[in-house]
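These notes concern the structure reproduced below.
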Amino acid sequence: MAGSEIKRMDTISRQRRISFYIFISPWIFGFLLFQIMPIAWGFSISLTNRMAFTVMQKFIGLDNYRNLLADPEIRYSLLTTFIYTVSSTTLAVVTGLIIALLLEKEVPGRGVFRTVLYFPYMIPLIAVGWIFKIFLDRDTGFFNIFLSKLGFISSNIAWLSDFPRGSVVSLSIWMSGWSMIIFLGGLSTIPNELYEVAKIDGAGYLRRLRAITLPLLSPFAFFQFVTSSIYSMQKFIEPYILNPRQQRGGQVTAMIPPRETFFTMARGYDIVFLKNRFAQGLALLWILFAIILIITVIFIRLGGFVVYTEVGEKR
Amino acid sequence: MAMLMSRQQQLAKIVKVLVLLLLVLIFFLPIVSMFVTSLKSRGELYVFPPVVFPKEPNWDNYLTAWTMIHYERYFLNSVIISLFYTVPCVMGSCFAGYGFSRFQVKERKTIFMLMLSTMMVPYMVTLVPLYLIVSRIGLADKRFFWIIWGVQGAPFLIFLFRQYFSTIPFSFEESARIEGANRFQIFFRIMFPLVQTAVIIAAIFAFQWSWSDYLMPVLFLRAEKVTLAVKLVNGYVDMKQNILHNIGMAGIVYYTLPIVIVFFVLQKRFIAGLLSGGLKG
C-alpha cells in the first residue's frame, strides 16, 4: 500500500518535471543557441589574434585583455562610461521618484499626467536621439531659446559639442517615465493605514516621507539602480546620433562621437567592425561584461544594507 | 481647524498640478521642436541668423519624406521584422512564465535566477559573435532569423508572465485536469485567456524593442531589407550628403506614429496592468 503511494507520488513529480521542462524549452533552446554558444565562441576568439581576414590565427592568451587595459584611451572610455552610468541612472531614478510622488495622491488629471509623462519612454531611441540633436542645437534648438527666454542664459550654448555627456544624460531624464511607473507601482503597495496612524501622531508630510514612503520604496529604487545601470553601461547608439561632428550622410557609426561619449560598447563595436580587429573588440566587450558582473554583485551585496526590510525578515 | 487643513490640502493640490503642468511643458518641448523643424523649408535650416519658426509651414516635407527614400518599403520591412519578433517572443515568454510559476521542481529557482542573470550579459557579447557565425554559415540577410531569435522570449517578459500566472489560483487547473484536459489544453484554453493583460503589455514591449532596434538589422540585414531605424539615420541627405533635418523630422514623425497610436489606444490597460500585476515582488 505504502509502496504504491510512493510510486504514485513519483509519477506525479516526474510528470511535473516533464511539464516544467516542456514549458521552459523555448527559453532553454534560445539560451543554449543564442547565449551560451556565442558567448563561449566569442570568448575563445578573444584569446586569439583574429582579424577580419586572418589566415594565420593563433592563440595569444590574455594579451588582448592586457593591451586593452594598458591603453589610456580604453581606460578613459571605461571611466567615462562609469561617470555616465552613475549620473544618468541617478538623475533618471530621482526624476521618476519626484514625478511619482507628485502623482501619489488624488491629483486632478492623474491618469492623463501619468500617460503623458510616460510617453517619451515609448519613442524609439533613434527618433529620440535625432529629436534631441535638433532640440539641443546651439542656434535653433528650442532648449536654448527656452532658457534664454527665461533669462537663465545670456548667450547660446553648444550643448552637443561642449557638454556631450550631459546631452546624452538628458535623454535618460526625458525617458524617466519608466522609473515613474515603477515607483507608482511601489507606492500602491504602501498601506494607507500607515499614513493615517502617522498623521494622528502628528507627523508632517516630510516626516511621513522620510519615515514611511522612502524606506518602503527603497526596494523599488534598488531594483531600478541595478537594472538601469546594467542598461546604461551598454549605451551604444545615442552618442553617435547626437554626434556634433556628424553633418553628412552615411553610416552614423563611421564618425566617432566626442571622447566623453565614446562609451565602451561603442568602442568595442568600432574595433570589431571599423578596425576589423575581431579578437580585440570581443575582448573589450568581455571586459565590459566582467565589469557589469562585478558592479551587479557589489550592488546586490550593498543592497542588503541599503534596502529596508521588515524586522526579522530573512533575506 | 478642519477648514484650515482642507484649505492647506487644496493649496498643495494646486501647487502639485502647476508643477506637473510645468513638467509636461518641459517634456513636450522636444516634441514641439520636432514638429516645428519638420515644417521648415530647406533654406530655413541653414540661414544666419537662424530661423526658429518657419514663415509658413512646409507640409510638402511630409510628402518628400515619404517619396525620397521609398518609405513604404522600409516601413513594411520594419513591420515584418517587428511582427516576426513580437509573436514568438510573447508566446515563448508566456510559455516560460507559465512553467516557472506552475511546476514545483527542485531546480526551478536556480534556473529562474540563471534566466534573470542573462540580463547582465551585454547584448553585443552575444550578438557580435552570433553575427560572425551567422554570416559564416550563410544565414545573413534572412528575416526568419527574427522568428528563431524571438522564440527564447525575454527575461523581463518571462518575469512579467510569471507574476501574472502566480495570481491565478491552482484550483482553476485542478478542475480541468479532473475533467481530463491535458497540459496544453489547460494552458491554451484556460490559462492563456486569463493573462490577456500581460499579453498586451508583453506585445507592446516586444514590438517597441524590435521597432526601435538598430544593431540587429544593421548587422544581419543588407540594404534592401533594412528597417526604418537604420534607413532613417542615413537616408535623408541631399546631393552633397548634407543631412536634411527638416525632412528627417517628418520621417521621424511617421516612424514614431505607429507606436504612439498603439500606445494611446492601449495605454489604459497597459499602464494599469503594469501597475497592478507586473512590478510587484
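When the stretch A:237-258 is limited to residues that are within 12 Å of chain B (Cβ to nearest Cβ) and among the β-branched types (Val, Ile, Thr), the one that is farthest from residue A:128 (Cα to Cα) turns out to be A:253. Taking the options A:188, A:172, name whichever one is out of contact with any Phe, Trp or Tyr (no Cβ under 8 Å at 6 or more places or on another chain), under 29 Å from residue A:300 (Cβ atoms) and buried (at least 19 other Cβ atoms within 10 Å of the Cβ). Sole residue among the options that is out of contact with any Phe, Trp or Tyr (no Cβ under 8 Å at 6 or more places or on another chain), under 29 Å from residue A:300 (Cβ atoms) and buried (at least 19 other Cβ atoms within 10 Å of the Cβ): A:172. For the stretch A:149-177, a residue qualifies if it is more than 16 Å from residue B:25 (Cα to Cα) and free of Cβ contacts under 8 Å to residues at least 12 places away in the same chain, and the qualifying residues are A:151, A:152, A:153, A:154, A:155, A:162, A:163, A:166. Answer yes if at least one residue in the stretch B:149-161 is small (Gly, Ala, Ser), within 9 Å of chain A (Cβ to nearest Cβ) and touching a residue at least 40 places away in the same chain (Cβ under 8 Å), and no otherwise. Yes, some residue in the stretch B:149-161 is small (Gly, Ala, Ser), within 9 Å of chain A (Cβ to nearest Cβ) and touching a residue at least 40 places away in the same chain (Cβ under 8 Å).
Mind listing whichever residues of the stretch B:179-213 are among the basic types (Lys, Arg) and within 13 Å of another protein chain (Cβ to nearest Cβ)?
Of everything in the stretch B:179-213, just one residue is among the basic types (Lys, Arg) and within 13 Å of another protein chain (Cβ to nearest Cβ), namely B:183.
Taken together, the residues in the stretch B:20-62 that are within 18 Å of residue B:255 (Cβ to Cβ) and touching a helix residue (DSSP H, G or I) at 6+ places or on another chain (Cβ under 6 Å) amount to 7.
The condition (being under 30 Å from residue B:111 (Cβ atoms), surrounded by 15 or more Cβ atoms within 10 Å (Cβ to Cβ) and modelled with pLDDT of 95 or more) is satisfied by just one residue among A:80, A:85: A:85. When residue B:281 is tested against (1) modelled with pLDDT of 85 or more; (2) at the interface with chain A (Cβ under 10 Å from one of its Cβ atoms); (3) out of contact with any strand residue (DSSP E or B) (no Cβ under 6 Å at 6 or more places or on another chain), just one condition goes unmet, and that condition is (1). Taken together, B:271, B:252, B:259 contain a single residue that is in contact with a Ser or Thr (Cβ under 7 Å, 6 or more places away or on another chain), part of a helix (DSSP H, G or I) and either surrounded by 22 or more Cβ atoms within 10 Å (Cβ to Cβ) or within 8 Å of chain A (Cβ to nearest Cβ) (or both), which is B:271.
Just one of the listed residues (B:240, B:231, B:225) is surrounded by 20 or more Cβ atoms within 10 Å (Cβ to Cβ), of a type outside the set (S, T, N, Q) and over 14 Å from the mean Cα position of the chain (by Cα), and it is B:231.
Would you confirm, using the coordinates I've provided, whether residue A:141 is touching a residue at least 60 places away in the same chain (Cβ under 8 Å), buried (at least 22 other Cβ atoms within 10 Å of the Cβ) and not aromatic (Phe, Trp, Tyr)? Show your work before the answer.
Numbers: touching a residue at least 60 places away in the same chain (Cβ under 8 Å): no; buried (at least 22 other Cβ atoms within 10 Å of the Cβ): yes; not aromatic (Phe, Trp, Tyr): yes.
Criteria not met by residue A:141.
The values are calculated or read from the model by the stated rules, or taken from the named source; none is laboratory data. Computed from a predicted structure; not experimentally measured. Quick reminder, even Gly has a Cβ in these numbers, built from the backbone with ideal geometry, and neighbours come from all protein chains shown.
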